[in-house]
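Read-outs throughout are calculated quantities, based only on the coordinates presented, and are distinct from any laboratory measurement. Source: prediction; values computed, not measured. Positions of Cβ are generated from backbone atoms using ideal geometry, with glycine treated the same way; all protein chains shown enter the neighbour counts.
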Amino acid sequence: MKKRRWNQWTTVVVMMAFCLFLGLAVNVSAKEPAAKAEATGVVEIKGQVKAVSNKAKTVSVTVEGKGVVMVKFDDATEFVNFKEAKEIEPPTGVVVKYKTVGPDNVATYIKKDLVTLPDGVTEIKTEELAELVAKGSVQGNYCLIDSRPAKVAAAELIPTAVSIPVTVMDEKGEKTLTCGKDKVMIFYCGGPT
């Protein structure tokens, strides 16, 4: 059997390998606190739901400037103003707070992004509207306006409603309104306020 001898080059190679190992070990340990900080840091995004998978427990959100961000949700995720993930179907607006844990974005908080009503405008509950519709627009003293796109409204209107798409109202203003100022004006669209 041949015996190997340590020579000058073997020592250099071993030393280089050892230094390389130490360098990698330093880099790995230097990245560890960053990964831990990333795992504990909370990021907030706001956008439109693109897709929801209850089976995979994921929500994909289209965020302006970022594209689509996918987050996982679990039993610890706080749902605000809704109870189940199926209630945030596309294109619902949402605010999501998440942590990056390993390769995953895990939601700590998901909230429907509801419209803030201007001063002087109040929300009417579904039950209240049903009572008014049962009375009729004259006895109930209201004007009900469906502000959804015309094609959507054409499929079905709430009884006593008039279709005036929001785009038409934007373009033509109050001229499009068919009722007098003495009536309570009620607008509805395709989702909650």
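Values as computed for the structure displayed
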item: Three-way shape call for the stretch 42-112 based on the alpha-carbon gyration tensor, with the a/c threshold at 1.5; result: rounded
item: Kirkwood hydrodynamic radius of the stretch 126-188, Cα pairs, Å; result: 12.1
item: Karplus-derived 3J(HN,Hα), 6.51/-1.76/1.60, for each residue of the stretch 79-87, Hz, glycine and proline x; result: 8, 9, 6, 6, 10, 10, 4, 5, 7
item: Residue order, fewest to most beta carbons within 10 Å, for F73, F79; result: F79, F73
item: Cross-link pairs beyond the 32 Å C-alpha cut-off, checked among K111/K135; K151/K183; K50/K125; K46/K151; result: K111/K135
item: Förster radius 30 Å - calculated FRET efficiency between V138 and K86, Cβ distance, rounded to 0.05; result: 0.15
item: Residue-wise HN-Hα coupling along the stretch 44-59, computed from phi with Karplus coefficients 6.51, -1.76, 1.60 (Hz; x: Gly, Pro); result: 10, 10, 9, x, 9, 5, 9, 7, 10, 10, 6, 5, 7, 6, 10, 10
item: Full-extension gain in nm, V152 to I124, via 0.36 nm per residue minus C-alpha separation; result: 7.9 nm
item: Contour excess over end-to-end distance, with Cα ends at K175 and D74 and 0.36 nm allotted per residue; result: 31.4 nm
item: Debye, to nearest 20: dipole size of the stretch 126-188, +1 on Lys, Arg Cβ, -1 on Asp, Glu Cβ; result: 220
item: Among C143, L177, L129 - extreme Cα towards positive end, dipole of the stretch 126-188, charges at beta-carbon; result: L177
item: Relative contact order, percent, the stretch 126-188 [alpha-carbon distance under 8 Å, six or more residues apart]; result: 39
